[in-house]
1. With a ≥ b ≥ c taken as the square roots of the eigenvalues of the C-alpha gyration tensor of region 266-348, please select rounded if a/c is under 1.5 and otherwise prolate if a/b is larger than b/c or oblate if it is not?
2. So, in nm, how far is label Thr277 from label Gln217 when the simple model puts each one 7 Å beyond its Cα toward the Cβ?
3. Based on DSSP H runs of at least 4 residues, each adding -39500 (n - 2.57), what is the mean residue ellipticity at 222 nm of the chain after dividing by all its residues, to the nearest 500 deg cm²/dmol?
4. Quick one: check the C-alpha center-to-center distance for region 234-281 versus region 99-160, whole angstrom.
5. Can you list residues whose amide H is under 5 Å from Leu234's amide H, if they're 5+ apart or on another chain and H is modeled 1.01 Å from N?
6. Please list 3J(HN,Hα) in residue order for region 233-239, calculated via the Karplus relation 6.51 cos²θ - 1.76 cosθ + 1.60 where θ = phi - 60°; whole Hz, with x for glycine and proline.
7. With the Cα gyration tensor of region 324-375 in hand, convert its eigenvalues to equivalent ellipsoid semi-axes via √(5λ) and list them largest first in whole Å.
8. Let a ≥ b ≥ c be the square roots of the eigenvalues of the Cα gyration tensor of the chain; is it rounded (a/c under 1.5), or, if not, prolate (a/b larger than b/c) or oblate?
Amino acid sequence: MNQTGPGKKIAGSVLVLGLLAGVWHLSNKPEPAPWSESEIAILTSLSLASLPPLAPDPSNAVADDPLAAELGRALFSDSRLSGQGNVSCATCHQPDRYFTDGLVKGRALGVSKRHTPSLLGIAYSPWFYWDGRRDSQWSQALSPLEDPAEHGGNRMQYVRLIATDPEYRKAYTRLFGMPPDFSDHKRFPEAAAPVARLDWRRAWQTMSSADQHRVNQVFANMGKMLAAYERSLLPQPARFDAYVAAVRENDETAQHSLFNRDDVAGLRLFIGPANCTQCHNGPLLTNNAFHNTGVLPAPGEVPDRGRSEGVEQALADPFNCLGRYSDDPARQCPELTYVRKGIELLGAMKTPSLRNVADTAPYMHKGQLATLSEVLQHYNRASVALIGHNEAKPLMLGSRELRQLEAFLNTLTGPSMAASAVPEH
């Protein structure tokens, strides 16, 4: 039976009053407690304003030379540094995408084995690649040039370009002295490199060790010029950094304009119960260390052995810190000399920076997770690893807390670099 008369009107009025009370309660919800001094210290440590000056790289004598950086900038976008003349470093490391490519795995001449990481702030790391298989930025810069899935060329091709291109030759001479004369193709074959491709390897083996060294020296110097440019690539301040400045200045008006309640709640979770700062700490929000967090393999692939193999490759690299192409006469290489090895590194991958994380999907070392929501769900479960041991512990957060964490992660995006940051050659 339908209710009519005063009783129905009273019930309706009670419902309206209840709804209004709920709205009033939400709009007058108590403000979060002010940040404590210890919390402000943590926030300050995460702010980009706390990023120290980049330490010198003794292994690279031109690391901070403006001319080297300018030449490296040109090399970065030069598609002649590839086997087919159609791939450059900027193909995968795109300035307007925070020097990533937005793909699950990098695509150049072929498909890379792993996801393309951002280059912003990477010069602060002692290790490079997801598995840390290179120990300097300049040695890392050399590897893609001869990778058949990436640039797919050979070092003889590259050093001959440096020696014959008028602009490159002039700048190289100012930095390192005159490059060798590579015009004698009996001594210096058209294509040669100590790589898997059989004809290039055989051609390399026909060369004298002295000539191989001459080629390697110019090749190493190319990496050093690329590194000089890449050292200038830094993330830009984000909304989070402005919020930290407002907290430090006790500017409540600015705080409220920059962060809503979910942003604040997410930040409290980030530095507190979610334990994110155990790995994502410092102004770049990474400890640059290696951890196994139980990420499932990419579909159809076996689990990635990660750091356990990467460390062995770093030790064997002829262009590492201890090798003859380092510019540090003292060979001061504590990271490489005392590097940690062992089965406990099985499946461990380098902690990525969270700077610009909301705009650099997909995520993980092989792009296995498409969204930040999926990433947070992964850490919330912390499932058993298929290989090695998952260091993460289940967060046991509710859906609202996960949304708040994601809201905070969205505050870490700063401006991207304009496409003109890498000019066409």
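1. oblate
2. That separation, rounded to one decimal, is 5.0 nm.
3. So the calculated ellipticity at 222 nm is -12000 deg cm²/dmol.
4. 32 Å
5. Gly121
6. Once rounded to whole Hz, the list reads 8, 10, x, 9, x, 10, 4.
7. Working from the Cα gyration tensor, I get semi-axes of 33, 17, 9 Å.
8. Taking the square roots of the gyration eigenvalues as a ≥ b ≥ c, the chain is prolate.
The values are calculated or read from the model by the stated rules, or taken from the named source; none is laboratory data. Owing to the predicted nature of the structure, the values given are computational and were not obtained by experimental measurement. Cβ coordinates were reconstructed from backbone atoms using ideal geometry, including for glycine residues, and neighbour counts include every protein chain displayed. Each accessible area value is taken on the protein alone, full model and side chains, heavy atoms only, with ligands, DNA and RNA left out. Shrake-Rupley method; radii C 1.70, N 1.55, O 1.52, S 1.80 Å.
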